[in-house]
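Data block below; observations after.
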Amino acid sequence: MTRPDAILWDWDNTLVDGWAAIEAGLNAAFRAFGMAEWTRIQVLANVRKSLRESFPPLFGAEWERARDIFYAEVRATHLSVLVPMPGAAAALAAAGRTAPQAVVSNKQGPLLRAEAAHLGWTAHFGTLVGAGDAARDKPDAAPLLMALAAIGVPPSGRVWYVGDTALDMQAARAAGCRAVLLGDASHDGGMAAVAPDIAFADGHALEAHLLPLAIR
């Protein structure tokens, strides 16, 4: 087994479950615009892109007003509902003994960094890049390349990007990195649709893979 040069992580549904706040924020915006609210299943199936890319098609010319409503609701609730995904803490610990780490998320940068601090996880990462921090958001390569520059690792197939959706796998390949799936992608068309380079059932399975690679 080859040790990765660096491990980049997606955030939501990869390391943390913060969907309750995202669902609440979206539905607050939908209510304000007289639109039908989404169930959790609909949220999981539809939330992929960053807000600056996904809100204009949903809300048209008033997307910035919808953005402000969404963020007000999310800021009010996101830390209180945030929980780690199964095995995430163990996977981070094992990864930290293996390679430099960073986060690349389509969650707004300040919210992302607040959540990492709330969990006591900031020290795991050389940098945390969120939506709006780079010139473009995932699936563009820009935020992954920004994170790699910050930790001093060049992009290559020896860099892992770990995520839970096809968009994450696309971003990994756009940056020339290895596309690593966590979970079964049942919310995103399944394994065949997502087509990762390698997959792990959960954080515990990833931890088991990384432990033998630890730098001794």
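The values are calculated or read from the model by the stated rules, or taken from the named source; none is laboratory data. No experiment lies behind these values; they were computed from the predicted model shown. When we count neighbours, we look across all protein chains shown, and the Cβ atoms used for this are built from the backbone with ideal geometry, even at glycine.
Please verify whether ALA142 is under 19 Å from LEU51 (Cβ atoms) and without any contact (Cβ under 8 Å) to a residue 24 or more places away in the chain, treating the condition exactly as stated.
Values: under 19 Å from LEU51 (Cβ atoms): yes; without any contact (Cβ under 8 Å) to a residue 24 or more places away in the chain: yes.
Criteria met by ALA142.
For every residue, the table says whether it meets (1) modelled with pLDDT under 95; (2) in a helix (DSSP H, G or I); (3) surrounded by fewer than 19 Cβ atoms within 10 Å (Cβ to Cβ).
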| site | (1), (2), (3) |
| --- | --- |
| PRO4 | no, no, no |
| ALA20 | yes, yes, yes |
| GLU23 | no, yes, no |
| ARG31 | no, yes, yes |
| GLY34 | no, no, yes |
| TRP38 | no, no, yes |
| ILE41 | yes, yes, yes |
| ARG48 | yes, no, yes |
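Looking only at region 203-213, decide whether some residue is outside any loop (DSSP other than H, G, I, E, B), over 16 Å from ALA91 (Cα atoms), among the acidic types (Asp, Glu) and assigned by TED's automatic domain parsing to the domain that holds ASN106. So that I can check it myself, show each step before the final result.
Residues of region 203-213 outside any loop (DSSP other than H, G, I, E, B): 203-213.
Now drop any that are not over 16 Å from ALA91 (Cα atoms), which leaves none.
No, there is no match, as no residue in region 203-213 is outside any loop (DSSP other than H, G, I, E, B), over 16 Å from ALA91 (Cα atoms), among the acidic types (Asp, Glu) and assigned by TED's automatic domain parsing to the domain that holds ASN106.
Could you list, in sequence order, all residues of region 76-110 that are free of Cβ contacts under 8 Å to residues at least 12 places away in the same chain and touching a Ser or Thr at 6+ places or on another chain (Cβ under 8 Å)?
none
Identify the residue in region 176-192 that is among the aliphatic types (A, V, I, L, M) and either surrounded by fewer than 22 Cβ atoms within 10 Å (Cβ to Cβ) or not assigned by TED's automatic domain parsing to the domain that holds VAL162 (or both) and, among all such residues, is nearest to ASP164 (Cα to Cα).
Our first condition is that a residue be among the aliphatic types (A, V, I, L, M); within region 176-192, this holds for 179-182, 185, 191-192.
Now narrow it down to the ones that are either surrounded by fewer than 22 Cβ atoms within 10 Å (Cβ to Cβ) or not assigned by TED's automatic domain parsing to the domain that holds VAL162 (or both): 191-192.
Details: MET191: 10, ALA192: 13 Å.
The residue in question is MET191.
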